[in-house]
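Enquirer: One structure follows; several queries about it will come next.
Since every read-out is calculated from the coordinates, none of them should be taken as a lab result. Treat the numbers as computed from the prediction; the structure is a model and nothing was measured. Cβ atoms come from the backbone with ideal geometry, glycine included; neighbour counts cover every protein chain shown.
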Amino acid sequence: MRVHDLHPPDGSTRPRRRVGRGIAGKGGKTAGRGTKGQGARDTIPMGFEGGQLPLMQRIPKLRGFTNPFRVEYTPVNLGALDRVTGDVVTPATLAEAGLARRHALVKILGTGTVDRPLEVHAHACSASARQAITAAGGTVTILPPPFGNGRPPAKGNALTNR
């Protein structure tokens, strides 16, 4: 049997009904669209309400909320720290190893094990990761965020976060 021999079992698929092909048979003339009006003519965009301001624009709270001051970290697990050469782990060395982007905020997470003493410099670190690093004889230093103390600058513009 070859791939081109495969076909669905008999009766499981049916051809789609082709409407609007003359007056013979089902689906001729108005082709299930009724008579006249907007719905009988071309397509209408989803959510269109005839020019009235659509519901999704009238009630923005239903769409959720995006915090413009959210701080996003690049997660790096303990098991991935083996890919870093040397005993000092910084965001720059993680970027060289391909574990984070340059200038990204890095958070060390506790999945995996550490078998050598490491000097870790990161923007954040989970409690389990800190415990595993210090148990292996290493140290953890928390770096200050690049935007200083307080909250980061807002992302987006006045129209982004409605």
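Enquirer: Between (i) 1.05; (ii) 0.95; (iii) 1.32, which matches Rg/Rh (Cα atoms, Kirkwood Rh) calculated for the structure shown?
Expert: So the structure-derived entry is (iii).
Enquirer: Still on this structure: Under the definition of Cα pairs under 8 Å and six or more residues apart, what whole-number percent is the relative contact order of the chain?
Expert: Reported relative contact order: 16 percent.
Enquirer: For Asn77, enumerate residues with amide H under 5 Å from its amide H, sequence gap 5+ or separate chain, H modeled in the peptide plane.
Expert: Leu109
Enquirer: What residue among Val114, Val89, Ala124 has its Cα farthest toward the positive end of the dipole of the range 74-142, where the charges are +1 on Lys, Arg and -1 on Asp, Glu, each on the Cβ?
Expert: Farthest along the dipole direction, towards plus: Ala124.
Enquirer: So what's the net charge close to Glu96: Lys and Arg +1, Asp and Glu -1, counting the other residues with Cβ under 12 Å from its Cβ?
Expert: For residues surrounding Glu96, the net value is +3.
Enquirer: Magnitude of the Cβ-charge dipole of the chain, K/R +1 and D/E -1, about the Cα centre, nearest 20 debye? Don't skip to the end; give the middle numbers.
Expert: On the way: 24 positive and 10 negative charges, 348 e Å.
It comes to approximately 1680 debye.
Enquirer: Here's another thing I want to ask about it. Using only alpha carbon pairs under 8 Å that are at least six residues apart, calculate the relative contact order of the range 74-142 and give it in whole percent.
Expert: Details: 137 pairs, mean separation 22.3, N = 69.
The value is 32 percent.
Enquirer: Report the extension gain between Met1 and Lys155 in nm, rounded to one decimal, defined as 0.36 nm multiplied by the number of residues separating them, less their alpha carbon distance.
Expert: Working it through step by step, the gained length comes to 49.7 nm.
Enquirer: Compute the signed sum of charges (Lys and Arg +1, Asp and Glu -1) over the other residues within less than 15 Å, Cβ to Cβ, of Phe147.
Expert: Net charge around Phe147: +2.
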